[in-house]
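Working notes for the structure below.
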Amino acid sequence: MPKKEVIQVNLAAANPNLSPATRFGNLVFVAGQTGRHPVSGEVGKGVREQTHYALQRVNTILEAAGTSLDNVLTVTTHLTKREDLAAYNEEYAKFFPTNKPARRRAEGQACMGEWSCTRELMSGFYVSTILVSPSLLKQSRFGDSVE
């Protein structure tokens, strides 16, 4: 039986109470990420910049787990306002130009204060949840084949 592995990555303004991601077998689960710049921790100005920063954070976490945005299976996104959807979609499409993951969007109370959006990814994307499947990788982080 596989064991849970915590994926560690150094991101600015990360919540010390959360693991950035966990791997269980051939799945990677990414914690929700906010629109802070991955290095400076600065909050993005508006939904476009916050979306960009959140997805950069997710990409950094996925790389540390030995995978990429190409293997994201599902994304949950929380937006504060419906009118931000077009700008969010345009920025999101830059990160997922083809082979788009399944996506769910919520709006309203999930975002508070200075945040326009958040995401989660299940890698096996807050963004809120991301799931990425490392079984799609040619080789695991440990050097063994996962085909």
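Quick note: the coordinates plus some simple rules give every number you see, no bench work behind them. Fair warning: this is a prediction, and the values are worked out from it, not measured in the lab. Cβ coordinates were reconstructed from backbone atoms using ideal geometry, including for glycine residues, and neighbour counts include every protein chain displayed.
Which residue, of 74, 67, is touching a Pro at 6+ places or on another chain (Cβ under 8 Å), over 24 Å from residue 13 (Cα atoms) and surrounded by 17 or more Cβ atoms within 10 Å (Cβ to Cβ)? Let's see the steps before the verdict.
Values: 67 fails: over 24 Å from residue 13 (Cα atoms).
Only one candidate qualifies: 74.
Out of segment 45-54, which residues are surrounded by fewer than 21 Cβ atoms within 10 Å (Cβ to Cβ) and within 16 Å of the chain's Cα centre (by Cα)?
48, 49, 52
Matching residues to (1) over 21 Å from residue 105 (Cβ atoms); (2) touching a strand residue (DSSP E or B) at 6+ places or on another chain (Cβ under 6 Å):
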| residue | (1), (2) |
| --- | --- |
| 36 | no, yes |
| 45 | yes, no |
| 79 | no, yes |
| 82 | no, yes |
| 86 | no, no |
